[in-house]
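The values are calculated or read from the model by the stated rules, or taken from the named source; none is laboratory data. Everything quoted here is computed from the prediction, not taken from an experiment. Methodologically, a virtual Cβ is constructed for each residue, glycine included, from the backbone with ideal geometry; neighbour enumeration extends over all protein chains shown. The protein model used for the area step is the full one, side chains on, heavy atoms only, and it has no ligands, DNA or RNA in it. Shrake-Rupley method; radii C 1.70, N 1.55, O 1.52, S 1.80 Å.
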Amino acid sequence: MSLPLSSPLDAIKGIGEVTEKKFKRLGVNTLWDLLTYYPVRLEDRREEKKIADLREGETVCITARVFTPVSGHPTRNGQTVYRATLRDESGFLPVTFFNNRFIKDMLVQGSDYTFYGKVTSNSGRLELISPEFEPAGREQFNKSVVPVYHATAGLNQRAIRRAVLGVLELVKNSLPETLPKALCAENELCSLSFAINEIHFPRDMENAEIARKRLVFEEFFILQTALRSRKILSRSASPHSFGDTDYSAFTALLPYSLTGAQKRVLDEIITDLSSGYPMSRLVQGDVGCGKTIIAAIAIFLAVKNGYQAAMMAPTEILATQHYEGLAPLFGKLGIAARLITGSLTKKRKAEITAALQSGEIQVLFGTHALIQEDVVFKNLALAVTDEQHRFGVRQRSTLTEKGELPHMLAMTATPIPRSLALVMYGDMDVSSVDELPPGRQRIDTFCVDEGMRRRINAFISREVAAGRQAYIVCPAIDESPGAELKAATAYAERLRADLPDLKIGLLHGRMKAAEKDAVMADFAANKISVLVSTTVIEVGVNVPNATMMIIENAERFGLSQLHQLRGRVGRGEHKSYCVLFAGNLSEATIERMKIMVESGDGLRIAEKDLELRGPGEFFGSRQHGLPELKIASLANDMDTLIKSGAAAEKILRYDPFLEKEENFYLKKRIEEFFRDKKDFMA
């Protein structure tokens with residue numbers, strides 16, 4: 001085709017400025033955007049039924065004559081209902097439309113039309129409500145397989161279908177082939193032109209599946225090739241190759257031995273650190289599996305080899321915990337460590353930044369304050385981020401820019417399904433700490449309703465009387481009219497009234513950092529026996545004496561988040577429990593809660609979470625920069641994801657910079673990917 005696919009939509013006949021603006025609301029700006037605006041489902045309208053064979057609740061296609069003229073009748077609520085009667089050789093059927101004053105001109109008495117709609121019952125009499133219709137013999141969409149799209153105000157299904165048909169007519173099966181012929185043959189993939197045509201207006205459902213197979217493969221393939229090529233391009237020689245990798249001096253200070261999983265992951269990290277290339281590795285594992293000590297050993301090796309290291313955490317509580325837990329160990333080894341957060345005084349911050357720039361400080365812990373412009377390292381060689389997904393990609397990138405090609409180590413306690421890891425971290429190596437230290441007990445988990453409230457409160461009282469502590473997590477800070485959510489502030493007040501003998505604390509995100517730190521210090525010291533909190537405690541609180549986790553409105557949380565919250569208990573020697581109060585026990589909620597009750601396997605829970613909620617909401621935030629997938633599903637297309645990843649690896653082995661002629665259009669798509677996904681690729 002002569003018209004570039006980047007052309008605006010007004011290149012299509014019939015699309016003017018007003019319609020173009022409506023498409024832009026859907027994120028459709030160019031011809032290519034429209035071609036890849038895939039339907040959410042397909043309706044098979046090929047099978048016709050006779051009026052006499054209709055059943056209530058089914059969606060059908062019928063051809064019938066307008067037997068009576070359309071008549072309009074006003075209703076009490078100000079609407080106008082338009083009715084007519086349809087007839088075929090088997091019987092009669094009423095048809096009803098609402099507030100469509102043009103329907104009298106569109107449906108002509110005595111003419112035949114093909115109708116498609118849902119059969120409903122009105123006082124025991126079947127009828128069609130607002131069906132789609134076309135003149136019989138001139139059907140454009142009925143009597144075929146029809147796409148259904150996400151629509152927007154003023155842009156209905158018919159308008160979107162006509163626009164798609166318009167752009168398909170423009171390209172006329174001449175789309176440039178993105179994938180090499182050999183790759184398509186090897187994976188039994190149809191051509192791109194066939195796939196684009198058949199995903200929108202397939203001849204039959206089999207063709208639609210053939211088209212989807214190609215487009216899912218291509219979407220995953222482009223994404224993974226982009227990530228892997230980025231990894232190749234970034235493999236410049238590292239100025240920080242670690243020659244001394246003996247960490248026995250550090251482990252000698254620990255009161256326990258490393259697990260087999262910790263040793264294995266450390267071996268992988270050490271291989272990276274001594275490879276001559278910058279490390280880019282993600283370490284994932286459940287809460288309590290020992291990821292922090294792995295990071296501490298990597299930091300120790302950086303300093304031992306004459307460099308500086310930084311560790312960034314998403315909250316001041318977590319950054320402080322890392323600093324207070326590790327600084328004493330580093331101090332015994334003669335390593336100077338400091339903490340920098342937003343709450344530091346200007347004078348104290350100036351002292352730290354000066355000592356850091358001179359090299360006097362060897363390890364810097366901190367929050368986002370680490371990446372401020374005035375924080376300058378002398379020779380940063382290792383950057384560690386904890387709870388990696390909580391940072392935007394720009395923040396992680398800014399941290400690594402504090403040094404010259406430093407090694408990058410990311411950690412997350414949110415188990416990441418393999419499919420999500422391949423997409424989100426395709427340019428990183430992934431290690432899993434899949435073994436918990438000895439002594440970690442299973443946390444008994446229960447899902448209950450309000451009928452169990454008194455018994456649970458009594459259970460809390462017994463645990464506290466035995467010297468234990470409890471968390472109560474609420475989804476909101478304050479109560480709001482009409483919302484059926486437990487709010488932390490009001491909950492804490494009620495609990496103080498109901499359980500006057502207990503020391504109740506309150507923690508939420510609107511409190512000042514100093515207030516939060518004071519509350520957590522009191523809870524850690526057992527001056528507070530029950531801590532009512534929002535999810536601010538999800539990350540980074542380590543109180544081994546806490547044995548109960550009560551989660552209110554549990555149905556409002558994702559499974560992975562529930563698993564993380566549950567991981568706050570069971571960290572000491574005492575038996576621990578998690579109680580999920582679910583206010584809305586729908587079928588979906590029961591299924592989700594059942595998984596939490598039955599399983600303590602973070603990865604299994606994460607896989608189910610991905611399946612139920614989709615990747616965009618997996619972390620409860622979009623700041624991780626996940627690219628939007630238009631047709632592929634990370635939950636359901638795992639096999640294709642693996643095959644396309646293997647294909648990407650194969651192509652990059654023989655053409656690492658995509659310079660060969662057969663990869664010309666593939667390279668163009670990769671370049672477009674980098675251009676369009678700046679945040680993701682940062």
- Query: Label points 7 Å out from Cα along the Cβ direction at R46 and A249: separation in nm?
  - Reply: 7.5 nm
- Prolate/oblate/rounded label for region 431-544 (Cα gyration tensor, a/c 1.5): rounded
- Message: Explain nothing, just the number: dipole magnitude of region 277-397 about its Cα centre with +1 on each Lys and Arg Cβ and -1 on each Asp and Glu Cβ, in debye rounded to the nearest 20.
- Response: 160 debye
- Message: Between (1) 95, 71, 44; (2) 110, 52, 42; (3) 79, 59, 43, which entry matches Cα extents along the principal axes in Å as derived from the coordinates of this structure?
- Response: (1)
- With labels modelled as points extended 7 Å from the Cα through the Cβ direction, what inter-label distance (nm, one decimal) is found for N29 paired with K575? 6.0 nm
- Note on the structure: So for R0 = 22 Å, FRET eff. of F664-N173 from the Cβ-Cβ r, to 0.05, ends up at 0.65
- Message: Please enumerate, by chain and number, the aspartates and glutamates with C-alpha under 18 Å from the C-alpha of K49, excluding those fewer than 8 residues away in the same chain.
- Response: E58, D88, E89, D112, E127, E132, E134, E139
- Listed by chain and number, the lysines with an alpha carbon less than 26 angstrom from that of K650, same-chain partners under 8 positions apart left out, are K181, K213, K231, K630, K660, K667, K668, K677, K678
- Message: Counting only protein heavy atoms and a 1.4 Å probe, tell me what percentage of the chain's accessible area is made up of carbon and sulfur.
- Response: 49 percent
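I'd like to compare 602-613, 144-155: which one has the highest average count of other Cβ atoms within 10 Å, and what's the full order after that?
Going by the mean number of other Cβ atoms within 10 Å, highest first, we get 602-613, 144-155.
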- Using alpha carbon centroids, what distance separates region 455-469 and region 306-349, in Å? 36 Å
- Beta carbons within 10 angstrom, averaged per residue: use that to sort the peptides 634-647, 503-516, highest first. 634-647, 503-516
- Message: What does the extension gain come out to for M106 and Q372, with contour length at 0.36 nm per residue minus their alpha carbon separation?
- Response: 89.3 nm
- Message: For a quick check of your reading of the filter: which trypsin sites (Lys or Arg not before Pro) in region 133-166 sit in a DSSP loop and have no more than 12 other Cβ atoms within 10 Å?
- Response: R138
- Anisotropy class of region 38-149 from Cα gyration tensor, a/c 1.5 cut: rounded
- Given 0.36 nm per residue, what is the gain on full extension from N379 to R453 after removing their alpha carbon distance, in nm? 21.0 nm
- Item | Cα centroid separation, region 400-441 to region 133-149 (Å) | 50 Å
- Query: Hey, what's region 113-241 come to in accessible area per residue, 1.4 Å probe, Å²?
  - Reply: 44 Å²
- Solvent-accessible area per residue for region 304-425 (1.4 angstrom probe, square angstrom): 37 Å²
- Note on the structure: Expected sort for 650-659, 86-95 on mean C-beta neighbours within 10 Å, highest first, is 86-95, 650-659
- Could you give the distance between the Cα centres of region 1-44 and region 65-105, to the whole Å? 34 Å
- Note on the structure: For F92 and K347, extending 7 Å from Cα along the Cα-Cβ vector and measuring point to point gives, in nm, a value of 9.5 nm
